[in-house]
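The values are calculated or read from the model by the stated rules, or taken from the named source; none is laboratory data. Fair warning: this is a prediction, and the values are worked out from it, not measured in the lab. Here the Cβ is made from the backbone with ideal geometry for all residues, glycine too, and neighbour counts use every protein chain on show.
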Amino acid sequence: MSSLTSVFGMLPLVLVPGPGSEFYRGLGSVITGGLAFSTIFTIFVTPALLMFIITLEHRVKRKPSEDETKALASLEEEEKYSQA
């Protein structure tokens, strides 16, 4: 929201002609373009990358084999009996 107001606040520097507008037009267009690009990047690209990384993590994560599952279960039982 605040970057959107900044973009609209810079539009008069880009659009209004007058003395010194050669300098201000370039400055306003760079600031407006940078704010617009960073806002779009933050709203769309960052969440898309996060979802891609989470999906990739789920695909790479492997399930334990039956032998590993049995070994873990027996270790948990031994710990339960040793603490009791």
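Brief remarks on what is shown
- The listed residue being exposed (fewer than 10 other Cβ atoms within 10 Å of the Cβ), in a helix (DSSP H, G or I) and of a type in the set (Ser, Thr, Tyr), out of Tyr81, Tyr24: Tyr81
- For the range 27-38, the condition holds for at least one residue, the condition being that it is touching a Leu at 6+ places or on another chain (Cβ under 6 Å), of a type outside the set (S, T, N, Q), at pLDDT 85 or above and part of a helix (DSSP H, G or I).
- Residue match in the range 48-68 (condition: within 30 Å of Gly9 (Cα to Cα) and in contact with a helix residue (DSSP H, G or I) (Cβ under 6 Å, 6 or more places away or on another chain)): no
- Residue within the range 55-72 that is modelled with pLDDT of 85 or more, part of a helix (DSSP H, G or I) and either surrounded by 11 or more Cβ atoms within 10 Å (Cβ to Cβ) or among the polar types (S, T, N, Q) (or both) present: yes
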